[in-house]
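Some notes on the structure that comes next.
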Amino acid sequence: MNRTLTSAFTLSLLLLSLLLAGCTQRGGEGYRSVTPQELHSMLSSGEDIFLLDVHIPEQRHIPGTDAFIPYNQIKRYAHLLPRDKSAKIVVYCRTGPMSFPAMDALRELGYTNVYYLEGGIVAWKSAGYEVP
């Protein structure tokens, strides 16, 4: 390859890797996560959490799920959420990405103790936990 073509190829690879890194980072600024193991421990210990599935289309739910609200309908169905704005809410979807706009909506509604399940229900299953 000539030098110009090699430079353009290298620049393209760099830009692609930066784009992919932005799409796959672990959450964003201010997002807090829990691993499947941590969530399982919370549920097993009876910790007071509100477990929210936001994946569309609706999927099978992790045992103990309190509500299913599509990630893009959080504000519309806010009446299904805890009244206590400091309640611990754990959001999950299939693999993770739908959790972030849902968490943004929850913040806009005033919720202050919001987490997402790293890797979503796919990670939950991969960790060996059941989904009925």
Where a Cα-Cα gap under 24 Å defines reach, which lysines qualify for Lys75, not counting those fewer than 8 residues away within the same chain? Lys85, Lys88
Straight-line reach from Lys125: which aspartates and glutamates fall under 17 Å, measuring Cα to Cα and dropping same-chain residues less than 8 apart? Glu38, Asp53, Glu58
Starting at the first residue of region 45-51, write each ³J(HN,Hα) from the Karplus equation 6.51 cos²θ - 1.76 cosθ + 1.60 with θ = phi - 60°, in whole Hz, x for Gly and Pro. 7, x, 4, 7, 10, 10, 9
Taking H as built 1.01 Å from N, whose amide H comes closer than 5 Å to the amide H of Ile56, not counting residues under 5 places away? Tyr71
Trypsin sites (Lys or Arg not before Pro) lying in DSSP loop within region 76-126, provided at most 15 other Cβ fall within 10 Å: Arg76, Arg83, Lys85
Which whole-Hz ³J(HN,Hα) couplings does region 66-74 yield from phi under the Karplus relation 6.51 cos²θ - 1.76 cosθ + 1.60, θ = phi - 60°, glycine and proline marked x? 8, 7, 10, 9, x, 3, 9, 10, 3
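None of the figures in this text is laboratory data; all of them are computed from the coordinates on show. Small disclaimer: the values here were computed from a predicted structure and weren't measured. Note that we place each Cβ from the backbone using ideal geometry, even for glycine, and neighbour counts take in every protein chain shown.
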